[in-house]
Amino acid sequence: MNDKPYIDWIAMSDLALSQTIGAFVKHHRLSQNKTQEEIAQAANISRSTLSLLEKGGTVTLPTLLQVLRVLDLLYVLNSFTIQEQISPLQLAKQEKQKRQRARNNNTDNSSNSTW
């Protein structure tokens, strides 16, 4: 069985999502054995703003990013990476344009001589 619990993000309310993010931040802060004051100072925010974030309150995106940076958690943003995808029609067109055979590159003049 999968050891990671499935979270139905779509079914969650905005408040529940905010609380989950806050719990994530708090868990990692505590696992690094850092106080709210230490993180708040390093992120250049107030301790009450960090407390609000950890409780699932409303904070700005830059505030969340500052806290993630201080906690060395910016890797969670990898989920936002955009990968270019090619349509099946474009892929088929490119495959059709690929060379199917190699041309004989015989540079020997004797084969080009006339009879």
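Tell me, what is the percent relative contact order of the chain, built from C-alpha pairs under 8 Å that lie six or more residues apart?
Numbers: 63 pairs, mean separation 24.6, N = 115.
That works out to 21 percent.
By the scheme Lys and Arg +1, Asp and Glu -1, what is the net charge of all other residues having a beta-carbon under 12 Å from that of ALA23?
Values: positive: LYS26, ARG29, LYS55; negative: GLU54.
Here the charged neighbours net out to +2.
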- Message: Rounded to the nearest 20 debye, what is the charge dipole size of the chain about its Cα centre when +1 sits on each Lys and Arg Cβ and -1 on each Asp and Glu Cβ?
- Response: 480
- Result: in the chain the number of Lys pairs with C-alpha under 28 Å apart, spaced 8 or more or on different chains, is 6
- Note on the structure: With a 1.4 angstrom probe the carbon and sulfur portion of accessible area for the chain, in percent, totals 53
- Answer label for Cα Rg over 2.2 N^0.38 Å (calculated), chosen among (i) 1.14; (ii) 1.94; (iii) 2.13: (iii)
- Probe 1.4 Å, protein heavy atoms only - accessible area per residue of the chain in square angstrom: 87
- Apply 1/(1 + (r/R0)^6) to the Cβ-Cβ distance of GLN94 and TRP9, taking R0 = 35 Å, and write down the FRET efficiency to the nearest 0.05. 0.50
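The values are calculated or read from the model by the stated rules, or taken from the named source; none is laboratory data. Here the structure is a predicted model, which means the values were calculated and not measured. A quick note on method: Cβ atoms are made from the backbone with ideal geometry, for glycine too, and the neighbour counts reach across all protein chains shown. Surface areas here come from the heavy atoms of the whole protein model, side chains and all, with no ligands, DNA or RNA. Shrake-Rupley method; radii C 1.70, N 1.55, O 1.52, S 1.80 Å.
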